[in-house]
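Student: I'd like to ask some things about the structure below.
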Amino acid sequence: MNQATLSMGNRSPSKPLRRALWQIPALVALAVLLAVGVNHWRADGIALVGDWSEDARFADASGGSMIVSLDRVRELFERDALLFVDARPASQYADGHIQGALNIPWQEVDRYFMEAADRLDGAGADAIVTYCDGESCDLSHELALFLKDMGFENVRVLVNGWTVWKQAGLPTVEG
Amino acid sequence: MRNLEISRSKAAYHAARLFMGGVFLYASFDKILHPAAFAEAVYNYQILPDAAVNLAALTLPWLELLLGICLIAGVWLPGATAISTGLLLVFIAALAYNKMRGLDIHCGCFSTETTEGPAGHWTVLRDVAFLAVSAYLTLYVFFRQKAI
């Protein structure tokens, strides 16, 4: 029998097991107490039970929903009264995007925004609608908040925009 | 000869304990500093019910901090190593589950910044390596600690 086997066999785990049985709940309880206590005390604490509804997740600074429905977007698009802004990376935009959309990749917003600012200003659209892809994609929301901060009005988010637009068979372009 | 083997075994154990302690301490800081961003990362895993997201996001980093302290200080090791191994199993299962269903999530493992990049196979492999170290520690604490 080798040394490892000898050593592994020279002790019953019952004592550490008994200790683990009270230490595990004690550590978890301590973590909960610290988490709740510090969260209560700190200035940027969060609600213990959060509102993860779509309207709350895509809210502006004052808590109002920034979401716009596909039907409303389609109506504005047909009247040529909106400007789409694609928040995805340039490579994904090049693979395909909503017809007429500008590209301001959120992760390179500083580089792309100055270039796009004139077109955003000059478009004279009733609404600016940002989009990305995926129910939990937050790029469009971050970009919409940024555009609002930059002074643009009526900025909205089409949630999961690329997918819902394609699924509705509405116009897209590549390149 | 036997003494040499025992001291090597002890050295490996202490190195593993300090390493995992460091990993948990490092993992906890950014999440404790940015609770809202970490809650979003937890939400994006789409595993927990909405009502449990914030409490889990608040508690997990503090649990990691406590584990880090216990492992480095060498106290409450049966509880700390068992939770460490259990947590890593849950992390790997959550990452693998979301990879399987094609959800492109950010790991939120060490940073709440989305610039950390989406979780990939490498993230899962890294956690499997941590799991191996943690499982070794758990076995050592439960079966061999008398020799320390």
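Student: Do you know which of the residues in region B:42-68 that are of a type in the set (Ser, Thr, Tyr) and free of Cβ contacts under 8 Å to residues at least 24 places away in the same chain is surrounded by the most Cβ atoms within 10 Å (Cβ to Cβ)?
Tutor: B:43
Student: While we're here: Can you pull out every residue in region B:82-91 that is more than 8 Å from chain A (Cβ to nearest Cβ) and touching a helix residue (DSSP H, G or I) at 6+ places or on another chain (Cβ under 7 Å)?
Tutor: Scanning region B:82-91 gives B:84, B:85, B:88, B:89, B:91.
Student: Does residue B:39 meet the test of being surrounded by 15 or more Cβ atoms within 10 Å (Cβ to Cβ), out of contact with any Leu (no Cβ under 6 Å at 6 or more places or on another chain) and free of Cβ contacts under 8 Å to residues at least 60 places away in the same chain? Before the answer, list the steps.
Tutor: Numbers: surrounded by 15 or more Cβ atoms within 10 Å (Cβ to Cβ): yes; out of contact with any Leu (no Cβ under 6 Å at 6 or more places or on another chain): yes; free of Cβ contacts under 8 Å to residues at least 60 places away in the same chain: yes.
Here the answer is yes, as residue B:39 does meet what is asked.
Student: If residue B:12 meets every condition in (1) within 16 Å of the chain's Cα centre (by Cα); (2) more than 27 Å from residue A:47 (Cα to Cα); (3) of a type in the set (A, V, I, L, M) apart from one, which number is that one?
Tutor: (1)
Student: While we're here: So residue A:118 passes all but one of these: (1) closer than 22 Å to residue A:60 by Cβ; (2) at pLDDT below 90. Which condition number does it fail?
Tutor: Answer for residue A:118: the failing condition is (1).
Student: Return the only residue of A:140, A:65 being free of Cβ contacts under 8 Å to residues at least 12 places away in the same chain and surrounded by 15 or more Cβ atoms within 10 Å (Cβ to Cβ). Give the steps one after another, and end with the answer.
Tutor: Details: A:140 fails: free of Cβ contacts under 8 Å to residues at least 12 places away in the same chain.
The conditions single out A:65.
Student: Restricting attention to region A:7-14, does a residue exist that is more than 8 Å from chain B (Cβ to nearest Cβ) and modelled with pLDDT of 85 or more?
Tutor: The answer is no; no qualifying residue exists.
Student: Here's another thing I want to ask about it. Considering only region A:143-165, how many residues are without any contact (Cβ under 8 Å) to a residue 60 or more places away in the chain and closer than 16 Å to residue A:72 by Cα?
Tutor: Here the count works out to 2.
Student: Among the residues of region A:22-62, what is the count of those that are assigned to a helix (DSSP H, G or I), of a type outside the set (A, V, I, L, M) and surrounded by 15 or more Cβ atoms within 10 Å (Cβ to Cβ)? Talk me through it step by step, then tell me what you get.
Tutor: Of all residues in region A:22-62, those assigned to a helix (DSSP H, G or I) come to A:22-41, A:54-57.
Retained after the next criterion (residues that are of a type outside the set (A, V, I, L, M)): A:22-23, A:25, A:37, A:39-41, A:54-55, A:57.
Add one more test, that the residue is surrounded by 15 or more Cβ atoms within 10 Å (Cβ to Cβ), and what stays is A:23, A:39, A:57.
Matching residues across region A:22-62 total 3.
The values are calculated or read from the model by the stated rules, or taken from the named source; none is laboratory data. Every value quoted in this text rests on a predicted model; they were computed, and no experiment measured them. Reconstructed Cβ throughout: ideal geometry from the backbone, glycine too, with neighbour counts over all protein chains shown.
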